[in-house]
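The values are calculated or read from the model by the stated rules, or taken from the named source; none is laboratory data. Nothing here was measured: the structure is a model prediction, and the numbers come from that model. In this analysis, Cβ positions are derived from the backbone assuming ideal geometry, glycine residues included, and neighbour counts consider all displayed protein chains. Keep in mind that these areas ignore ligands, DNA and RNA; they rest on the heavy atoms of the full protein, side chains included. Shrake-Rupley method; radii C 1.70, N 1.55, O 1.52, S 1.80 Å.
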Amino acid sequence: MSVYAAERQQTILGSARADGRVEVASLAKRLGVTSETIRRDLTALEARGLLTRVHGGAIPVEAFTRELGMAERIGRRAAEKRRIAQRAIEELPEGGTLLLDAGTSTLAIAQALPADTPYTVVANSPAICSILTAMPEVTLLQIGGRVRATTGAAVGRWACDALDELTVDVGFIGTNGFDAIRGLSTPDEAEAATKRAMVRASRTTVVAADSSKASSVHLHRFADLDDIDLVITDTGLDEDTADAIRAAGPKVVAV
């Protein structure tokens with residue numbers, strides 16, 4: 001493979017991750033090569049497991065990655081999630097209202113909540129709600145809806161309608177991916193709609209996500225980075241990526 005071909009393929013991969021899809025014709029025109037050359041590049045990238053060919057172009061493989069269930073995710077990067085949770089506690093409004101999205105990072109936040117402090121908490125995860133019901137000072141508002149087996153999140157119209165009636169001081173949102181260009185994304189359409197409603201309901205929006213989610217793009221975008229006030233992640237996030245995210249809007253804290 002020539003150096004030029006390697007550089008061209010890196011450009012193609014970057015475009016696919018940024019835009020969610022690339023087209024053969026537009027790439028050929030942009031890069032000044034034939035459509036056949038682009039098709040060979042896409043085939044090479046697919047062979048490396050980076051793109052999936054579709055009619056007329058390709059989609060980044062992240063868009064088709066199998067979504068892990070709660071049982072698979074709960075033990076992964078546990079130390080990082082505990083540090084993220086402890087830092088998230090510093091953002092709690094004194095005696096105010098907060099929202100906890102479903103997810104393992106937000107589950108860690110629920111576990112880290114000081115049990116003797118009165119809060120009103122909105123949550124759409126039965127697992128998180130079961131923790132909060134054991135805290136006598138917490139007033140819990142449980143969001144209903146269809147509970148996804150994969151994530152344990154209540155999603156759909158019932159959840160979105162309830163969230164549209166609320167305004168909370170701070171919302172802690174989980175995400176499958178956060179990217180400087182494509183924003184926050186998740187594989188499931190109903191989950192994306194529910195997360196979108198959570199962002200709307202929050203005066204201050206905090207994303208709690210470990211660094212493995214960085215630069216990952218999934219099928220459904222639910223927020224742009226300038227919709228977010230703060231990203232709390234771990235020190236595995238490289239500085240260039242952190243700077244790009246900051247430039248897009250939110251403050252970034254790595255712990």
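The figures follow:
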read-out: Arg182 vs. criteria out of contact with any Leu (no Cβ under 6 Å at 6 or more places or on another chain) and at pLDDT 95 or above; value: no
read-out: Options Gly236, Gly183; residue that is within 22 Å of Leu107 (Cα to Cα) and small (Gly, Ala, Ser); value: Gly236
read-out: From the options Arg221, Arg203, residue that is open to solvent by 20 Å² or more (accessible area, probe 1.4 Å), in a strand (DSSP E or B) and under 27 Å from Arg21 (Cβ atoms); value: Arg221
read-out: Residue match in the stretch 43-53 (condition: acidic (Asp, Glu), surrounded by fewer than 17 Cβ atoms within 10 Å (Cβ to Cβ), at pLDDT below 90 and on the phi < 0 side of the Ramachandran plot); value: yes
read-out: Identity of the residue in the stretch 135-166, open to solvent by less than 80 Å² (accessible area, probe 1.4 Å) and among the charged types (D, E, K, R), that ends up modelled with the highest pLDDT; value: Asp161
read-out: Positions within the stretch 105-136 being over 20 Å from Val155 (Cα atoms) and of a type in the set (Gly, Ala, Ser), in sequence order; value: Ala108, Ala112, Ala115, Ala134
read-out: Unmet criterion (only one of (1) within 19 Å of Val231 (Cβ to Cβ); (2) touching a residue at least 60 places away in the same chain (Cβ under 8 Å)) for Ala79; value: (2)
read-out: Every pair of residues 6+ apart whose Cβ atoms lie under 6 Å, when the first sits in the stretch 13-37 and is closer than 15 Å to Leu51 by Cβ and modelled with pLDDT under 95 while the second is among the small types (Gly, Ala, Ser) and in a helix (DSSP H, G or I); value: Val22/Ser15; Val22/Ala16; Val24/Ser35
read-out: Per-region count, the stretch 93-129, residues modelled with pLDDT under 95, among the β-branched types (Val, Ile, Thr) and crowded, with 20+ Cβ neighbours inside 10 Å; value: 1
